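A.B. asks: Once you've had a glance at the structure underneath, I'll fire off some questions.
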Protein chains: 4
Amino acid sequence: MIDFPSKERLAHIVYESDDRASKNFDLALLLLILMSVSIVVLDSVEEIHANYGSLLYALEWFFTLVFTVEYVFRIWLSNNKRGYIFGFYGLVDLLAILPTYLSLLLFQTQYLTVIRALRFLRILRILKLPKYVREATLLSTALKHSQAKIKVFVGSVLTIVLIMGSVMYIVEGPESGFTSIPRSMYWAIVTLTTVGYGDIAPITDLGQFIAALIMLMGYAIIAVPTGIVSSELTAARLDENRQAKTPDAPGRPCPECGVQSHSEDALFCRKCGAKLDAATP
Amino acid sequence: MIDFPSKERLAHIVYESDDRASKNFDLALLLLILMSVSIVVLDSVEEIHANYGSLLYALEWFFTLVFTVEYVFRIWLSNNKRGYIFGFYGLVDLLAILPTYLSLLLFQTQYLTVIRALRFLRILRILKLPKYVREATLLSTALKHSQAKIKVFVGSVLTIVLIMGSVMYIVEGPESGFTSIPRSMYWAIVTLTTVGYGDIAPITDLGQFIAALIMLMGYAIIAVPTGIVSSELTAARLDENRQAKTPDAPGRPCPECGVQSHSEDALFCRKCGAKLDAATP
Amino acid sequence: MIDFPSKERLAHIVYESDDRASKNFDLALLLLILMSVSIVVLDSVEEIHANYGSLLYALEWFFTLVFTVEYVFRIWLSNNKRGYIFGFYGLVDLLAILPTYLSLLLFQTQYLTVIRALRFLRILRILKLPKYVREATLLSTALKHSQAKIKVFVGSVLTIVLIMGSVMYIVEGPESGFTSIPRSMYWAIVTLTTVGYGDIAPITDLGQFIAALIMLMGYAIIAVPTGIVSSELTAARLDENRQAKTPDAPGRPCPECGVQSHSEDALFCRKCGAKLDAATP
Amino acid sequence: MIDFPSKERLAHIVYESDDRASKNFDLALLLLILMSVSIVVLDSVEEIHANYGSLLYALEWFFTLVFTVEYVFRIWLSNNKRGYIFGFYGLVDLLAILPTYLSLLLFQTQYLTVIRALRFLRILRILKLPKYVREATLLSTALKHSQAKIKVFVGSVLTIVLIMGSVMYIVEGPESGFTSIPRSMYWAIVTLTTVGYGDIAPITDLGQFIAALIMLMGYAIIAVPTGIVSSELTAARLDENRQAKTPDAPGRPCPECGVQSHSEDALFCRKCGAKLDAATP
């Protein structure tokens, strides 16, 4: 603590997470983020706000100041200041502190609450562990691969929602809550996705019959995105499996005839019968 | 704009979408469709109808006239006029303009609203991009392949719905909303599909027990269509993978005739019988 | 119609469905079943019962008599009368006619309605088309294969339901509708299966927190049966694919060296270079 | 019964389940557990408690005494007493009997009900049949394999829940039940998981629009865990298949050393290098 670390060392601690100091920094940051988000969440509960409002307000300022110091630090440490400030992480870091300062200027501060909750996104920075990044990449690759399929699917869903919403608006009418086509479309989405609040529900016989059709459709339809993602992930998984297997037995070509991909327990070449080198698992 | 394009050129612009002009035409049409459908949707909201009703009415006539001109144009440009007029797209195009004209003759115009919403289907015409068509084909092939499985499945669901609906009608009776077997069947569908509005729900102990059984059944049953679609898509996906891989390893072209993608253990070209070079994986 | 068919011919018409007469018989039977079940369903609607009750009663007797004649016929035609009468189909056939006769003796006839609905199961007899049987077998094989997995899964679900039901009974208490552990377990099933009626819902903060945990669990859990069925069906599907491919190109063994499974476009043996016979797709 | 079994024999009966006596012991224990849990469940129903309370109380003491004897027995029979007492099963066994004794000391006994329900976990001990263990292992391996994927997924869900919860708290406000961010987050979970109680539901237009977006998101998101589990189980299933198949086609054993399962194109034995007979598919 006494001999002050170099700027390079500090940058390493702040931006990397591969040794003790940088991991501790990440952990401390994680705790600060979770606590500051908890304050936003708790402050929205009326009773807690009434009893501990001033304490939470003080804590809010404390976290804001800490994050402000961190923000200034990050700019100072960054090699590409412009890239940091206008990049995704820089903007999230700014949004994490701005609302508290703005609350001094504005009266209508409730909308700032949501922005404050965005602070939670800062956790993404910490979770840049290789393992999670690889998995997230795999998941998003699978989703990207099936992008066209998903677009076709979403298009079909929207078409069903629009047409079924219009039909139910005519069939049920305002008495059952189907007061307009947009509201009917809201109901159609609530039904198709099997959420089913029940705040709007058909009461006429014909309406219930059509609703039953939509539900059965939703039943079939929910199978499609699942099938798309499953097939992509299965394809990726089998690929991974295959790749994991091949390097384990990377070949052992026959020293005589060069034929490859002998089974792991093979002692002789299956083409020319020459003796193989011992497997090296 | 000044030298008027030929009829062939116009037909190309209207019916194809592979150069700039035809893509712009598609885009303009897409916007017109979305706007005209938005008007139908918005006009159903009482407040908007009260305040902007006449504006929306004027816009409705504007879009109808534009679509009418387009419809006449399409007939004029088509080589197979009969095929266009009585085909799917021709009928949808006609349905897109008819309701507005009919509204002059009829008083009870609310049912025309739904028909107007069918205008949305015209978007399908624009989405005939090869990529989406291929994916839609893939999806529908997967569904067609599993048609027999799906029929067996739907049959089982309907049997469960009928029998469970009858049972719950007897067990719960009209007090809990199970006023008739059709209504009980509606409830059974709402429950099996896990929508669960709660407008009708069992209140007796026995009814709740049977309902719990139906829910657990629905749990198992929802796995079936998903499994069917997943397995079909996975099979299709792995096929695609395999086909995609072969050209990736175009390996070992025949030194005589250049034919590619020989199996890994091939010693002779499968086309001309020439000896192949050894595999080089 | 005039020269009466032999008993063998009649048995063929009634029990098989591979020529015209037997298919027509099946179709007629299908219509009769659907109509008789429709009557049971419609008769449960109070308004219809009030207005058309006597007509439906007459139709009910008509269908019962037709089915009775058919039942007697089937016994007469059957080679294994005992096997038919006490087999699944024989019992369903008997249950299809018994309730109407019993209604003459009993006063409390409402319970007979459900039994009458079982008539619908007679459709199974008609659907014994080879295609559907094969698919149904495939589905049930997939389910049977994963039986042990499903039992483990159902056991886990029941454990969660029992323990979470007890916890919520203590946490929420009778005020929110959690009046007893059985009712709490009903709620837990409604929640885990994502049906979510909302007739019973937690209102305390702790209760809502626990409920949220159960929902997220249910989210994870619903993936398991789907995954089980998907994997079974995918395995079955890939098997089918493989089998479908091999017989399509059943070999074309090399006439010289006998090597098989040449690719479809191969002209020469990949082992010895001999000319292959032409493919015969 | 007269000649008393040895301690070893007793330990075998109690801890194993591979012969008649030990299986009978397991069955008896299973029945006792189910009955004692049933008592806890039934006693929570007010009517039953009012009418049969004292009977259930007596039975409760009977089961507790039996389980106490069993507990003491298990300690006596165990070779590793410390390991048993502080292991998972030992603690569950203790928790199964403790609440009844504690109820003599405490007045506020309702919380003991839940602990009593934990008795159900004792069933796990009995279900240690090899078949179920293997399947449970397979399932848990599949889940463990996809652990990182699941963590990424749960993280994304929590981020959506927090941010959407905050947004809906601002948009809807206390009038529609969104009284605080925690409650809004509860609603977001209820919606994302498609449970949809309807106890809290958006009523403003903007709120319903955002809710529809969340539902469609939930639709896409529910596909992810299913896809993860499906792909893992499919990979495991195909592996199993492959292993199961090799012995099925033991084909072409080496005429010299008898080694089996040579690859289809092998000409020489991979173990001893002897020439193989031609493949006979």
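The values are calculated or read from the model by the stated rules, or taken from the named source; none is laboratory data. Note that the coordinates shown come from a computational prediction; the quantities given were computed from them, not determined experimentally. No Cβ is skipped: glycine too gets one built from the backbone with ideal geometry, and neighbour counts run over all protein chains shown. Accessible surface areas use protein heavy atoms only, side chains included; no ligands, DNA or RNA. Shrake-Rupley method; radii C 1.70, N 1.55, O 1.52, S 1.80 Å.
A.B. asks: Given the whole protein assembly as supplied and a 1.4 Å probe, what does the accessible area of D:ILE210 come to in Å², nearest 10?
C.D. replies: 20 Å²
A.B. asks: In terms of the Cα gyration tensor, with a ≥ b ≥ c the square roots of its eigenvalues, is the range A:142-245 rounded because a/c is under 1.5, prolate because a/b exceeds b/c, or oblate?
C.D. replies: Prolate is the answer for the range A:142-245, as a/c is 1.5 or above and a/b outweighs b/c.
A.B. asks: Give a residue-ordered list of calculated ³J(HN,Hα) values for the range A:71-77 (Karplus: 6.51 cos²θ - 1.76 cosθ + 1.60, θ = phi - 60°; whole Hz; x for Gly, Pro).
C.D. replies: Those phi angles translate into 4, 4, 4, 4, 5, 4, 7 Hz.
A.B. asks: Just to confirm, what accessible area per residue do you get for the range C:24-148 at 1.4 Å probe, in whole Å²?
C.D. replies: 58 Å²
A.B. asks: Suppose accessible area is computed on protein heavy atoms with a 1.4 Å probe; arrange A:TRP76, D:TRP187 from highest to lowest.
C.D. replies: A:TRP76, D:TRP187
A.B. asks: Quick query: amide H of A:GLY196 versus all other amide H atoms, modeled in the peptide plane; which residues come in under 5 Å with a sequence gap of 5 or more or a different chain?
C.D. replies: A:THR191
A.B. asks: Further, regarding this structure: Distances from A:LEU102 to the same position in the other copies: list them in nm, one decimal, shortest first, using label points 7 Å from Cα along Cα→Cβ.
C.D. replies: 5.0, 5.0, 7.1
A.B. asks: Can you sort A:PHE63, B:PHE120, C:PHE4 by solvent-accessible area, 1.4 Å probe, largest first?
C.D. replies: Output order, biggest surface exposure first: C:PHE4, B:PHE120, A:PHE63.
A.B. asks: Expressed as a rounded percentage, what relative contact order does the range C:142-245 have, with Cα pairs under 8 Å and six or more residues apart?
C.D. replies: RCO, the range C:142-245: 32 percent.
A.B. asks: Short version: ³J(HN,Hα) in whole Hz for each residue of the range C:169-174, in order, from phi by Karplus 6.51 cos²θ - 1.76 cosθ + 1.60 (θ = phi - 60°), x for Gly and Pro, what are they?
C.D. replies: Whole-Hz 3J(HN,Hα) from phi for the range C:169-174: 4, 6, 5, 8, x, x.
A.B. asks: How big is the accessible area of D:LYS23 in square angstrom, nearest 10, if you roll a 1.4 angstrom probe over the protein chains?
C.D. replies: Accessible area of D:LYS23: about 120 Å².
A.B. asks: Got a number for carbon plus sulfur as a percent of the range B:142-245's accessible area, 1.4 Å probe?
C.D. replies: Summing carbon and sulfur atoms, their accessible area is 68 percent of the total for the range B:142-245.
A.B. asks: So what is the relative contact order for the range B:7-128, in percent, with contacts set as C-alpha pairs under 8 Å and at least six apart?
C.D. replies: Answer for the range B:7-128 is 28 percent.
A.B. asks: A further question follows. Arrange the residues A:SER231, D:SER54, D:SER156 by how much accessible surface each exposes, largest first, with a 1.4 angstrom probe.
C.D. replies: Values: A:SER231 0, D:SER54 95, D:SER156 55 Å².
Largest accessible area first, the list is D:SER54, D:SER156, A:SER231.
A.B. asks: How far is it, in nm, from the label point at C:PHE4 to the one at A:SER54 when both lie 7 Å from their Cα along the line to the Cβ?
C.D. replies: Those two pseudo-labels are separated by 10.6 nm.
A.B. asks: Here is a further query. Going by Cα centres, the range A:154-211 and the range D:50-110 are how many Å apart?
C.D. replies: 54 Å
A.B. asks: Mind checking how much accessible area C and B bury in total, 1.4 Å probe, in Å² rounded to 100?
C.D. replies: Answer for the C-B pair: about 4800 Å² buried.
A.B. asks: Continuing with this model, one more query. Convert each backbone phi in the range D:17-30 into a coupling constant with the Karplus relation 6.51 cos²θ - 1.76 cosθ + 1.60 (shift: θ = phi - 60°), then list the ³J(HN,Hα) values in order as whole Hz, x for Gly and Pro.
C.D. replies: Listing the rounded values in order: 8, 10, 9, 4, 4, 5, 5, 4, 4, 4, 5, 4, 4, 4 Hz.
A.B. asks: Follow-up. For a label point 7 Å from the Cα of C:LEU104 along Cα→C-beta, name the residues of the range C:41-67 whose backbone N is under 17 Å from it.
C.D. replies: C:57-67
A.B. asks: Averaged over D:149-159, how many beta carbons belonging to a partner chain fall within 10 Å of each residue's beta carbon?
C.D. replies: Mean partner shielding for this stretch: 5.
A.B. asks: I need the P(r) histogram for the range A:7-128: all alpha carbon pairs, bin width 10 Å from 0 out to the longest distance, whole percents.
C.D. replies: 12, 43, 30, 12, 2
A.B. asks: Hey, for B:SER156 with labels 7 Å out along Cα-Cβ, what do the inter-copy distances come to in nm, ordered shortest first?
C.D. replies: Reported distances to equivalent positions: 2.1, 2.1, 3.0 nm.
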